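The values are calculated or read from the model by the stated rules, or taken from the named source; none is laboratory data. Remember, predicted model here, so these are calculated numbers, not experimental data. A quick note on method: Cβ atoms are made from the backbone with ideal geometry, for glycine too, and the neighbour counts reach across all protein chains shown. Surface areas here come from the heavy atoms of the whole protein model, side chains and all, with no ligands, DNA or RNA. Shrake-Rupley method; radii C 1.70, N 1.55, O 1.52, S 1.80 Å.
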Amino acid sequence: MVRDTWLLFRHNLRATLRQKAGLIFGAIQPLFFLVLFGPIFATIGSWETLVPGLIIQLGLMSTGMAGFGVVFEKRSGALERLRVTPASRLALLLGRVLTNAVQLILQVVLLVAVGYALGLRAPVAGLLAGLALVVVLGASLAALSYAIALTMNEQLFAPVMGTAVIPLVLLSGAFLPMSMAPGWLDALSYVSPFRHVLEALRELFGGHYFTGTVVAGVAVTVVFAVISLTVGTRVFNRASA
Amino acid sequence: MINATGLSKTFKGGDVAVKNVTMSVRPGEIVGFLGPNGAGKTTTMRMLTTLLRPTSGTATVAGHDLLGDPARVRRHIGYVSQSGGVSPSVPLGEELHLQAMLYGLSRAEASARTAEVLAMLDLTGMESRPGGTLSGGQRRRVDIAFALPHRPALLFLDEPTTGLDPQSRANLWDHIRRLRAEDGVTVFLTTHYLDEADALCDRLLIIDHGEIVATGSPAELKAGGRTLDQAFLDLTGRSLREEAAL
Ligand SMILES: Nc1ncnc2c1ncn2[C@@H]1O[C@H](COP(=O)(O)OP(=O)(O)OP(=O)(O)O)[C@@H](O)[C@H]1O
Ligand SMILES: [Mg+2]
């Protein structure tokens, strides 16, 4: 299982690196928000509030659409070819998810680095803890995205996921903290798991590690990871996928 | 090598694709699986290769229980799907190497075997070509290469020669015969080409509307002076030539 995962991870990573243009655009996109929206936000809030929001937005957008890759593989028949090899079904999923995780780490590191240049100041421990949290969240979302892509009509996947991600980003408070929202919207946003993770992230960037908010964010992430990986594995296991 | 009992598949929506198929293939046989479009050939193959869960029925494939131990079955079989599985953007040497390693070969074995299999299918020198740049017939041969790195004891080929030029087709027949002669490989293949079934197969199974309607050697099916085409027509109400033209 570990060997298969490693083989598929390396293969997928190489395939991702081959798409240089895609990588560059993926890395530049969040920087636009930082450079062109950040300075406005900085007049009312801090970089330590904004950057975690952009990280969550980035994490949701890029890993939420991860399933798109498997749609192509399904269409070309490559997925079925892999499925007749003895490779573990979990490896077929994890090999992909790990590739998405590595991509996300690179994007987040770049975002934080540019954020630092613009005025972000966060303790290293907080940054690392935050990165770990986001990577687990992103990897889980990628797993879920693959499961959805394999279950749903392929034509519908891109529009449906693209649309579903937007309210999740907005409700997490990625752009403006939900404390600024009217009561009903604030209440509604608690339904989104990502709000809890984002608030934990902001605390971590602020140097507060052992608070209730952080514990809640970690707990939500762990639960989300367990659910997503279970669903993902089940779908990859199922004979018809 | 294959022992299937009562295999059936009903798709969601109530479409019964395969009905109660009972069949067996002996070690070392080359068996042709014939039938009109939509008869259930691909569905049967996908069940026998662990890709599709039968609605009912059981099978032993390459010595292992299909439902109870699919992972072992996969280790011993090779499968070429009807529509192929070449990734358009990956260099084929790289992809074949990955495929070999997923079949459990070591890095060195995988490299050796990749070169061997490419040479066998006249694809040497194309290692760095992405799948998307290949011609249809070249791509078909790559599909076949993907099924061979682990020297499977049993090979499933779903219309392997569709889209091949006559020369490549004859070469593939030779390869299939050689696999059987040298490695004792058992082959279960579908085809719409009468001459292919006649020339290559020891035995034929004919399926129509999801049910096996005849089985026998080409000679047996041709008994009474019928051509294979007439036999097929009598059994299924459709002509093999008509099928091949589709
Ligand atoms: N995923 C599916 N969902 C619903 N029906 C299906 C599915 N796959 C196949 N079928 C139906 O099952 C029947 C058998 O299809 P199958 O692909 O096994 O035929 P075949 O004998 O391989 O035909 P061909 O010679 O055209 O390849 C057809 O009626 C087909 O429409
Ligand atoms: Mg078919």
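Summary table below
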| item | result |
| --- | --- |
| On Cα atoms only, tilt of A:67-76 relative to the major axis of chain A in degrees | 20 degrees |
| Helix A:193-205 axis, angle to chain A major axis (alpha carbon atoms, nearest 10°) | 50 degrees |
| Total accessible area lost when B and A pair, probe 1.4 Å, Å² to nearest 100 | 2300 Å² |
| Approximate spin-label separation B:S217-A:W6, in nm, with each point projected 7 Å along Cα-to-Cβ | 5.1 nm |
| Protein-protein interface of the range A:70-85, residues with accessible area decrease of at least 50 Å², isolated chain reference, 1.4 Å probe | A:S76, A:E80, A:R81, A:V84, A:T85 |
| Within the range A:2-240: Cβ-based charge dipole about Cα centre, in debye rounded to nearest 20 (Lys, Arg +1; Asp, Glu -1) | 900 debye |
| Number of partner chain Cβ atoms within 10 Å, mean per residue of B:78-86 | 4 |
| Among A:L150, A:V214, A:A101 - extreme Cα towards positive end, dipole of the range A:2-240, charges at beta-carbon | A:L150 |
| Cross-link reach list, lysines versus A:K74, counting only Cα pairs under 29 Å and skipping chain neighbours closer than eight places | A:K20, B:K9, B:K12, B:K19, B:K41 |
| Value of [θ]222 nm, deg cm²/dmol, for chain B, DSSP H segments ≥ 4, -39500 (n - 2.57) each, nearest 500 | -11000 deg cm²/dmol |
| Listing of the range A:10-39 residues, each with accessible area lower by at least 50 Å² in the full protein assembly than in the chain alone (probe 1.4 Å) | A:H11, A:R18 |
| Sulfur and carbon atoms: percent of accessible area, the protein assembly as shown [1.4 Å] | 63 percent |
| Computed magnitude of the charge dipole of the protein assembly as shown (debye, nearest 20; Cβ of K, R +1, Cβ of D, E -1) | 660 debye |
| Chain B, accessible area per residue, ligands and nucleic acids excluded (1.4 Å, Å²) | 40 Å² |
| Taking N as its residue count, the alpha carbon Rg of the protein assembly as shown over 2.2 N^0.38 Å | 1.17 |
| Reduction of at least 50 Å² in accessible surface, 1.4 Å probe, comparing all protein chains with the chain by itself, residues of the range A:207-239 | A:A239 |
| Accessible area expressed per residue, the range A:2-240, with surrounding protein chains retained (probe 1.4 Å, Å²) | 44 Å² |
| CD proxy at 222 nm, helix term only [per DSSP H run n ≥ 4: -39500 (n - 2.57); per residue of chain A; nearest 500] | -26500 deg cm²/dmol |
| Between helix A:47-64 and chain A: long-axis angle, C-alpha atoms, 0 to 90°, nearest 10 | 20 degrees |
